[in-house]
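What follows is a set of notes on a single structure, which appears directly below.
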Amino acid sequence: MIGTVLVTGGAGYIGSHACAALMEAGYQVVVLDNLCNSSLVSLERVGEICATSPIFVQGDVRDRDCLDKIFHAHTITAVLHFAGLKAVGESVDFPLEYYDNNVVSSLVLLAAMQQAGVTNIVFSSSATVYGDPPSVPIREDFGLCPTSPYGRSKLMVEDILADWHVANPNWSVCRLRYFNPVGAHPSGLIGEDPQGFPNNLMPFVAQVAVGEREKLFVFGDDYATADGTGVRDYIHVMDLVEGHVVALEYICRQPGLHTINLGTGNGVSVLDMVKAFEHASGQSVPYEIVKRRPGDIAACWADPRLAETLLQWTASRSLAEMCEDAWRWQQGNPRGYA
Ligand code: NAD
Ligand code: WQD
């Protein structure tokens, strides 16, 4: 299915990589982003990578008029819905902002799609909906028990999409549950640009390696894991967005409600990540073990077999490649897009 895709949140970390992947695959792209956590430079860089830039509309997904104008002006065949707030800790302090931004935006978007007759949507969900799983690897049919307002906002949207699909069974809905996206486009032109103190491991490690920060704080070394530090399923952002392109093609062929993990199936500890990054960058990454971060779980990785079966997609890039690409981005852009 080649056509025009609306990418909400397309100026952000994953959205900008998705724009590049979609355009490389031949799609036209319209981005709607309010730039609350991103810079327009990301889309200028996508333009450098793809030789043409996506169409950009600055606006809020909660603004129904803005959406109606986009659907009126362009023949949109599908929506990739990335826009939202994503910081787990911040969501505990500002739950209303998270529910408003993440849930209300999705409601307004679905209503506008319904009116415009746009029937294909891929939603950015998260492995955080599983909470603390009873075992690993995590399958899509595991129980759902998110532990933060952020996670609950994702689960609410998943439920809304399921109800919407019951009422519209010929429509295509894909709920993609990402594990831990990291890395950057191999060009080094686009990457993750956290505002202020990075919440996530990889950008923090990268900032230590480039000399922006003195050391990494490792949150606990007393978990029941091989080296005592937390284990996660890091997935290269390029693999992740290629997964979106195939998911989009799949749902356009197969109307239905689809729920799919996007992960590698490999568990990597914090100290494994430090070693891999040191190797890729040739820099040392000093660290200090500190107490556990409240709310963290010991281990979390995907069972990726459903994606393989349905989409014929597997994540192919190694941890070394994730670190090399993140390092290229970090070195070329030590202060991000600023
Ligand atoms: P990001 O913050 O870099 O990108 C989100 C984009 O959405 C930003 O450009 C922001 O300006 C925009 N935005 C936010 N609210 C908006 C609104 N109301 N209207 C218009 N634009 C709005 O985040 P990301 O890492 O690229 O994440 C993209 C999506 O994937 C999010 O929904 C996030 O919850 C989800 N996700 C991310 C991760 C991760 O670790 N990065 C993991 C799982 C799921
Ligand atoms: C990874 C590991 C930390 C930072 C979060 C969200 C999740 C999803 C992905 C959106 C853990 C340790 C981290 C640091 C550390 N996002 N760590 N020092 O917590 O698995 O997932 O991002 O949906 O919802 O919760 O990712 O990168 O924060 O942490 O030791 O400075 O690194 O304890 O073991 P997490 P993370």
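What residue, of 237, 231, is open to solvent by 10 Å² or more (accessible area, probe 1.4 Å), within 23 Å of the chain's Cα centre (by Cα) and among the β-branched types (Val, Ile, Thr)?
When all the criteria are applied, what remains is 231.
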Item to complete: Please give the number of the condition residue 90 fails out of (1) within 22 Å of the chain's Cα centre (by Cα); (2) crowded, with 17+ Cβ neighbours inside 10 Å.
Response: (2)
Worksheet item: Restricting the first residue to the range 196-211 and requiring it to be free of Cβ contacts under 8 Å to residues at least 60 places away in the same chain, which pairs with a second residue that is among the basic types (Lys, Arg) meet a Cβ separation below 8 Å and a spacing of at least six or different chains?
Response: 204/213
Practice prompt. Specify the residue that is most open to solvent (accessible area, probe 1.4 Å); the eligible residues are those in the range 156-181 that are over 16 Å from residue 107 (Cβ atoms) and among the polar types (S, T, N, Q).
Written response: 170
Practice prompt. For the range 1-37, enumerate the residues that are assigned to a strand (DSSP E or B) and either open to solvent by less than 10 Å² (accessible area, probe 1.4 Å) or away from ligand 1 (no atom under 11 Å from the Cβ) (or both).
Written response: 4, 5, 6, 7, 8, 28, 29, 30, 31, 32
Practice prompt. Check 280, 276, 247, 298 and return the single one that is small (Gly, Ala, Ser), surrounded by 15 or more Cβ atoms within 10 Å (Cβ to Cβ), at pLDDT 95 or above and within 15 Å of residue 176 (Cβ to Cβ).
Written response: 247
Practice prompt. Would you be able to say whether some residue in the range 194-204 is under 13 Å from the mean Cα position of the chain (by Cα), modelled with pLDDT of 95 or more, near ligand 2 (Cβ under 10 Å from one of its atoms) and open to solvent by less than 20 Å² (accessible area, probe 1.4 Å)?
Written response: no
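The values are calculated or read from the model by the stated rules, or taken from the named source; none is laboratory data. Predicted, not measured: the structure shown is a model, and the values here were computed from it. As a convention, Cβ positions derive from the backbone with ideal geometry for all residues, glycine included, and neighbour counts pool all protein chains shown. We work out accessible area using only protein heavy atoms, side chains counted, and drop any ligands, DNA or RNA first. Shrake-Rupley method; radii C 1.70, N 1.55, O 1.52, S 1.80 Å.
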